[in-house]
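Worksheet for the structure shown next.
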Amino acid sequence: MSDHDGPPPNAERDLPLSPADEAVLALAHTGYEIVNAILDNIPRAGHEDADRLADAMFVRDLAERLVREAVVAECEQGASWAALARTTGTTRQSAHHRWSSTVEGWALMGRRRTGIGAAAPSHELATNLDAWYADLDARRSDAVTSTLPSYGDPARRAAAQAERRAAAELRVTIEQLHTEAAEAGNASMAAIGTPEADRCRTAWATARFALAGAYDRLAAAEAPLGRDHKRSAGRERALGQEILAGGRDSAPQPTPEPWSDDAPSALELPPPGSGWNATEDVPRVLPHD
């Protein structure tokens, strides 16, 4: 091993690595699969043409997975959409459109490896990849594990797991707050022109501010989506301010990213009896918007 302390004791091996290390390990495992698939595709006696094409298509699919995993790994290291755009020769908007769902899916799955390759515990897979790489280059006996700081650091793994739990709980809270905000919006619309109007409007705005706070906390717990969650928080906060202001002209507007074309418009309150429903008519801001 290099400068880390080796694999953790048995009682701690069930814990996944830190999110950044899980992303790197997934990338390394896919690289291993690609190398083996290419070796299998080398022309040889008895290898049918149709098999060669099927094998080549399989390598292509693995390569596309490798790109997605590289995006996740870069985001876990703090890369912005602008940085990804520069690397891929595209725009921030295009990079976000292409890969935001990949990063969101990674977050929803707990920021850890999933799929067939995730059946093996992280420490076991990393150790096996070390052995495989050492067969290729005997000078690198820890080629993979040396890139995983949490591999031999149980405290870091435990802290990462606590962060995963906090993020999962926040996502549940956000779902509940969206429901409460919709209900408060319907109540506010129903109360227009009554003595309860101001109270209901304040309750609606308060629900939006609570959502903003939850998105702020989620930004801290899910670093790869931090910018997106912060933008969602800003939108919810602006909606709350608009609700309190009661009109378009006096309400502050959120500042969208230069590449964003989906910033919410100012809130226009409909007249009583218009059939407006907060559940359907207030734009819901999802974490990856």
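List of remarks:
- Cα-only Debye scattering, the stretch 56-131: base-10 log of I(q)/I(0) at q = 0.11, 0.15, 0.17, 0.27 Å⁻¹: -0.35, -0.63, -0.78, -1.27
- Other residues whose C-beta falls under 13 angstrom from the C-beta of Ala131 contribute a net charge of -4, scoring Lys and Arg +1 and Asp and Glu -1.
- Heavy-atom accessible area per residue - the stretch 124-165, 1.4 Å, Å²: 52
- Whole-number D in µm² s⁻¹ for the stretch 93-238, Kirkwood Cα-pair radius fed into Stokes-Einstein, 25 °C, 0.890 mPa s: 132
- Projecting label points 7 angstrom from Cα along Cα→Cβ for Val172 and Asp61 puts them 3.5 nm apart.
- Solvent-accessible area assigned to carbon and sulfur over the stretch 53-148 amounts to 55 percent, based on a 1.4 Å probe.
- Ranked by solvent-accessible area (1.4 Å probe, protein heavy atoms only, all chains present), the residues Leu53, Leu125 order from largest to smallest as Leu53, Leu125.
- Heavy atoms of Leu39 accessible to a 1.4 Å probe, total area in Å² rounded to 10: 100
- Counting heavy atoms of the protein chains alone, Arg227 has an accessible area of about 120 Å² for a 1.4 Å probe.
- Net length gained if the chain between Ser146 and Ala79 were fully extended (0.36 nm per residue, minus Cα distance): 22.0 nm
- Ordered from highest to lowest accessible area with the whole protein assembly present and a 1.4 Å probe, Leu211, Leu177 read as Leu177, Leu211.
The values are calculated or read from the model by the stated rules, or taken from the named source; none is laboratory data. Since this is a predicted model, take the numbers as computed values, not measurements. Positions of Cβ are backbone-derived with ideal geometry, glycine not excepted, and every protein chain shown enters the neighbour counts. Please note that ligands, DNA and RNA were not included when accessible areas were found on the heavy atoms of the full protein model with its side chains. Shrake-Rupley method; radii C 1.70, N 1.55, O 1.52, S 1.80 Å.
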